[in-house]
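To keep things clear, I will list the structure first and then write my remarks on it.
The values are calculated or read from the model by the stated rules, or taken from the named source; none is laboratory data. All figures in this text were calculated on a predicted structure; none of them were measured in a lab. Methodologically, a virtual Cβ is constructed for each residue, glycine included, from the backbone with ideal geometry; neighbour enumeration extends over all protein chains shown. For the accessible areas, the whole protein counts, side chains as well, though only heavy atoms, and no ligand, DNA or RNA atoms are used. Shrake-Rupley method; radii C 1.70, N 1.55, O 1.52, S 1.80 Å.
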Amino acid sequence: MDKVLLKSFSKVNIGLKIINSRADGYHNIHTVFQEIDFHDNIILKKRNSGCYFTSNVDWLSNNESNLCVKAWQCLVDRFDISGIDIELQKNIPPGSGLGGGSSNAACTLKGLSMLYNLNISLNDLLKIGSSIGADVPFFIKGGCQIGSGIGDQLVKVGHSIKNTFLLVMPKIHIDTKATFKKLKKFLDYNQEKVKFADFIEKDKFLFKFFENDFETIIFPAYPEIGQIKSKLLNCGAIFSSLSGTGSTVYGVFDDEAKAISAESLFKVHYKTCIAHPVKIV
């Protein structure tokens, strides 16, 4: 095998609680990650040496600031492998809260393991992924997972959400580190202990109990984002939320026709996408 083609899926957070800050600069969180089929495309090809990266966007460089390149370097440092050509077609916007960079890194790790027959155990792959980024381990496992710690302590949810998602992605890049800093004052008062597993029944999610703490910070700073959430609910979404720490707002619909109808109201002004949960067999 000299070439692999991979879909690099995105995610949404169903609820996001920030528990506390950590000495290592990260924060302990509690969330439900749901992988969805809105994706980037990655083509990996063997080469004799080095890493050559190309993309349809100009804001990604061929160095370790690029998580795909960083993933390759992590494996070069650990295994006897040669080079790689990485071609990335980006669809997932940066700073959108959909985990595009982390997903790209996870796909690169898995793709390199396939190309070079590395037989890396899942636990080792998760450890390597966590050294790259907090959300990378989730994308290595995928599906629907409850995440704790920095997002790397994962427990599989027995079933994925069956609803249709409408993603609305305004052209607003939100800096994750800066947003976490703004949460410090909020954390002093955020003593409520929540376990999202309590809000997941055998065949459904009790969406009304899920909240994203970052909405408290981001909606006042970017009123347009809060207005998108309100509009999605008015369009018939049974639930709407900010995803992660980014600017994407998604609506959950119990009928795909309703989601498509709602999309027609947003797509004139925003990048939008109808998406579905990725189910892991």
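For Cα extents along the principal axes in Å, pick the label among [x] 83, 51, 39; [y] 55, 43, 37; [z] 61, 49, 40 that corresponds to the value derived from the coordinates. After the calculation, the listed value that fits is [y]. Taking all protein chains together and rolling a 1.4 Å probe, Ile161 ends up with roughly 0 Å² accessible. The residues of the chain expose, per residue, 48 Å² of accessible area to a 1.4 Å probe. Quick one: grab the alpha carbon gyration tensor of the stretch 57-111, order the square roots of its eigenvalues as a ≥ b ≥ c, and give me rounded if a/c is under 1.5, else prolate or oblate depending on whether a/b is larger than b/c. Prolate.
Legend: Rg and Dmax of the stretch 20-89, from Cα coordinates, 15.8, 46 Å.
Taken over the stretch 1-152, the ratio of Cα radius of gyration to 2.2 N^0.38 Å equals 1.02.
Diffusion coefficient of the stretch 79-139 by Stokes-Einstein, Kirkwood radius over Cα pairs, 10 °C, 1.306 mPa s: 127 µm²/s. Annotation: Arg22 carries an accessible surface of approximately 90 Å², with a 1.4 Å probe and no ligand, DNA or RNA atoms counted. Once the Cα atoms are used to define both axes, helix 122-132 deviates from the longest principal axis of the chain by about 80 degrees.
Note on Trp59 and Asp175: the model spin-label points, each 7 Å out from Cα along the C-beta direction, lie 1.3 nm apart. For the chain, modelled as a GNM with alpha-carbon contacts under 10 angstrom, which of Leu233, Leu242, Leu265 fluctuates the most? Result: Leu265 has the largest fluctuation of those listed.
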